[in-house]
Amino acid sequence: MSAEIEEILKRYSNYPNVSGIIIVDAFAIPIKTTMEYTLTVHYAALANNLLAKGSKMVQKLDSSNELTALRLRTLNHELMIVPEENFFIVVVQKPCE
Amino acid sequence: MNKSNFKKLVAVVQSNSENTARISEQTSGYVVSENGSDTVMQTSFDNSTAVGIVKHLNSSFVKLAQSSVRDLDPTDKLCFLRVVTRKFEYMVAPEDSFVVTVVL
């Protein structure tokens, strides 16, 4: 099963626009990444923080609703964060103009 | 200064009334709020919902997202934020003096 995951990761990270993919576990520790380590840890910490606040805020606005994804578009890239049950995935890509 | 700023912003919003009409048709609604004081300028929701959205979403979360982006890269800046939930999707566009939020 791990080989399948590796293949999927490789396929997506080879897309021209994708700068990196990070899989982070529930403790905000990156388990798989295609970028360099310090940057990965930085992204993982920020994504964890944003997800925690984001899901709390969505619950406050409507208690039956829940956060499924976050997309931040900045000047230089686009950051997509998707939470799952035990982990979350962060994808960084270059925005196409 | 604050009152004239407010009037200018209202003028900008009103000059985009065509877009506003299109947005209110196709989506659940929108909220335009002022950045400095977190007050609602224009909205297609009822006031309590709009104030709730601004209070929870805009004031704390968008600022957190902006500071995270600048933490990663000091020259970078948040242009757009999309919060996808099970029921709707909030699309937030922060500008210098105001924030536009559209609920899809």
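We did not get these values from a lab; they are worked out from the coordinates using the rules stated. Everything numeric in this text was worked out from a predicted model, so none of it was measured. Cβ sites come from the backbone with ideal geometry, for glycine too, and all protein chains shown count toward neighbours.
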Every listed condition ((1) part of a loop (DSSP other than H, G, I, E, B); (2) in contact (Cβ under 8 Å) with a residue 12 or more places away in the chain; (3) at the interface with chain A (Cβ under 7 Å from one of its Cβ atoms)) holds for residue B:76 save (2)
In the stretch B:35-62, which residues are closer than 23 Å to residue B:77 by Cβ and of a type in the set (A, V, I, L, M)?
-> B:41, B:53, B:54, B:57, B:62
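Using the structure shown, decide if residue B:97 is touching a residue at least 60 places away in the same chain (Cβ under 8 Å) and away from chain A (no Cβ under 14 Å). Let's see the steps before the verdict.
Details: touching a residue at least 60 places away in the same chain (Cβ under 8 Å): yes; away from chain A (no Cβ under 14 Å): yes.
Judged against the criteria, residue B:97 is a match.
Look at residue A:19 and say whether it is outside any loop (DSSP other than H, G, I, E, B), among the polar types (S, T, N, Q) and touching a Leu at 6+ places or on another chain (Cβ under 9 Å).
On the way: outside any loop (DSSP other than H, G, I, E, B): yes; among the polar types (S, T, N, Q): yes; touching a Leu at 6+ places or on another chain (Cβ under 9 Å): no.
Considered against the rule, which asks whether it is outside any loop (DSSP other than H, G, I, E, B), among the polar types (S, T, N, Q) and touching a Leu at 6+ places or on another chain (Cβ under 9 Å), residue A:19 comes out as no.
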Evaluate the stretch A:58-81: report whether one residue or more is within 7 Å of chain B (Cβ to nearest Cβ), of a type in the set (A, V, I, L, M, F, W, C) and part of a helix (DSSP H, G or I).
-> yes
Which of the residues that make up the stretch A:26-40 are surrounded by 15 or more Cβ atoms within 10 Å (Cβ to Cβ), under 15 Å from residue B:73 (Cβ atoms) and without any contact (Cβ under 8 Å) to a residue 24 or more places away in the chain?
-> A:39, A:40
How many residues are free of Cβ contacts under 8 Å to residues at least 12 places away in the same chain and part of a loop (DSSP other than H, G, I, E, B) when one looks only at the stretch B:36-73?
-> 2
